[in-house]
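Report on the following structure.
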Amino acid sequence: MMQFYKLDNGVRVILVPIAGIQSVALGIYVRAGTRDETAENNGVAHFLEHMVFKGSKNYPTPESLMVLESTGGFKNAGTSQEYTMYEAKLPSDKLDLGLSVLSDIVLYPLLNSEALENEKKTILEEIKRRNDQSEELVVENFYTMRYKNALTTLGTVKSVKSLHRDRFVSFWQKNYNTANLLICISGKFNKPELEKYFGHLPSAQQISWSKPEIIPGPMINIIERPADQQVQMTLGGEAFAMTDPRRFALSVLFRVLDFGLSGRLFKATRIDRNLVYNIHAGADLDSDHGSWLVMAGVSHQNLKELLEVILKELKLLKDEPLEDSELADAKEKVRVPLLFSLESPLSQMEWYAQQALFRPQEILTHAQAIEKVMAVTAEDIQNVARDLFTTNNLYLSLVGPVKNGELHDTILKI
């Protein structure tokens, strides 16, 4: 049975035992990310995630940190707008080693100045790679175009070049504290010795975020790339927070629009009209806001028709309730992947960790979430579609062989 509790100093812990397996997933989550940055230190959260693997108090070199891989396991990390995650998957009898390594890099990073300057070259190459990948750039452009003073996770070339050790230390001291820490363990394990690694830390107060300020739509933002063969497109808008009860209807709605070959968007754009090779739709919900989005690559001459078809499909969800059979199918497309994720310690770790970080008052098991999904009605889906699919909530990001001014906001009408 899942357990959620706090150490005496406020560090949150969530334990998820899974029977019948021989592995364990360990995650240390820090409620700190791009939202904690400024324009001057933009990129520091992601850069810090890199730097902790360059050495820590008890594992002073990158080579010494390879001890986890010598067990046959692996380690990984990632940075988002709202949190940074450090994870490992290990044989069940190596959990203590995993705790030793991950706690050390998170709590005692060396942040060596020479290593920092060397890693800066890698980060700058990562930014160049992102800028060369139109499929990635168009999504990032979508997220940053809709909010005032929005920042990117990687930062800019200018902001990254300006980062020096004092800014890393300042960010780490401010954000890597007991108020922001969550430890999640999933799989096969005995009672972990968490006090040994985290119990000595002083208590801290969590810093609250200001809700992002939305720039009203409709809006089109274009990055011209004449040499590209396709226009990469992301169409979407504001959704709602991960605490919103409408999230269950939203998950079903997007399984209507996008699921393999059977989603409405794939049928309308590829099977019926051969406009695209692939198309995807989904939602990304954060702690106090969220986004819905549709993504595709399309030839320039088919761009306007593709937009018209997508907008027509979105409007249809507002205007006509789902038939019982399609509603039932869409619910299954949410339910079954949730069941599949029960078989993975990493999936379960991520499922519970994000809830414990941002929705501790309502941590749902997979069974409880499925129950809420199965209770969704056609009216619920229609109401969510009416809430989100509106003209003033349409934002279009384009990257490719399309010129600024070629499309006008008037095309975005629903």
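The values are calculated or read from the model by the stated rules, or taken from the named source; none is laboratory data. Not measured: the values here are computed from a predicted model. Ideal geometry is used to build each Cβ from the backbone, glycine not excepted, and the neighbour counts take in all protein chains shown.
Taking residues in segment 31-49 that are at positive phi, and partners anywhere that are not in a loop (DSSP other than H, G, I, E, B), the pairs with Cβ atoms closer than 8 Å and at least 6 places apart or on different chains are G43/I123; G43/S159; G43/V160.
Among the residues in segment 65-77, are any closer than 30 Å to E343 by Cβ, hydroxyl-bearing (S, T, Y) and part of a strand (DSSP E or B)? No - not one qualifying residue is present in segment 65-77.
Conditions tested, residue by residue: (1) closer than 20 Å to L48 by Cα; (2) free of Cβ contacts under 8 Å to residues at least 12 places away in the same chain.
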{"site": "G155", "(1), (2)": "yes, no"}
{"site": "D166", "(1), (2)": "yes, yes"}
{"site": "V169", "(1), (2)": "yes, no"}
{"site": "S186", "(1), (2)": "no, no"}
{"site": "P192", "(1), (2)": "no, no"}
{"site": "G199", "(1), (2)": "no, no"}
{"site": "I220", "(1), (2)": "no, no"}
{"site": "Q230", "(1), (2)": "no, no"}
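Taking every residue in segment 79-105 that is farther than 13 Å from Y29 by Cα and surrounded by fewer than 21 Cβ atoms within 10 Å (Cβ to Cβ) and pairing it with any residue that is modelled with pLDDT of 95 or more and of a type in the set (K, R), at least 6 positions away or on another chain, the pairs with Cβ-Cβ distances below 8 Å are S92/K188; D104/K57.
Restricting attention to segment 274-288, does a residue exist that is without any contact (Cβ under 8 Å) to a residue 60 or more places away in the chain, charged (D, E, K, R) and in contact with a Ser or Thr (Cβ under 8 Å, 6 or more places away or on another chain)? Scanning segment 274-288 turns up at least one residue that is without any contact (Cβ under 8 Å) to a residue 60 or more places away in the chain, charged (D, E, K, R) and in contact with a Ser or Thr (Cβ under 8 Å, 6 or more places away or on another chain). V52 falls short on exactly one of the conditions (1) more than 17 Å from the chain's Cα centre (by Cα); (2) in a strand (DSSP E or B); (3) among the β-branched types (V, I, T), and that condition is (2). L339 satisfies every condition listed in (1) among the hydrophobic types (A, V, I, L, M, F, W, C); (2) within 22 Å of V252 (Cβ to Cβ); (3) in contact (Cβ under 8 Å) with a residue 40 or more places away in the chain except (3).
Per-residue answers, yes or no, for (1) under 20 Å from the mean Cα position of the chain (by Cα); (2) under 30 Å from I21 (Cα atoms); (3) of a type in the set (S, T, N, Q):
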| position | (1), (2), (3) |
| --- | --- |
| T153 | yes, no, yes |
| K174 | no, no, no |
| E195 | no, yes, no |
| I215 | no, no, no |
| D228 | no, no, no |
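Can we say S70 is outside the structural domain of L357 (by TED's automatic domain parsing), under 16 Å from W172 (Cα atoms), among the polar types (S, T, N, Q) and over 25 Å from the mean Cα position of the chain (by Cα)? Here the answer is no, as S70 does not meet what is asked. Screening segment 326-414 for helices (runs of 4 or more DSSP H) wholly inside it with 3 or more residues that are of a type outside the set (S, T, N, Q) and either in contact with a strand residue (DSSP E or B) (Cβ under 9 Å, 6 or more places away or on another chain) or within 30 Å of F4 (Cα to Cα) (or both) returns the ranges 345-358, 366-374. Count of segment 105-119 residues, restricted to those that are part of a loop (DSSP other than H, G, I, E, B) and of a type in the set (S, T, Y), is 1.
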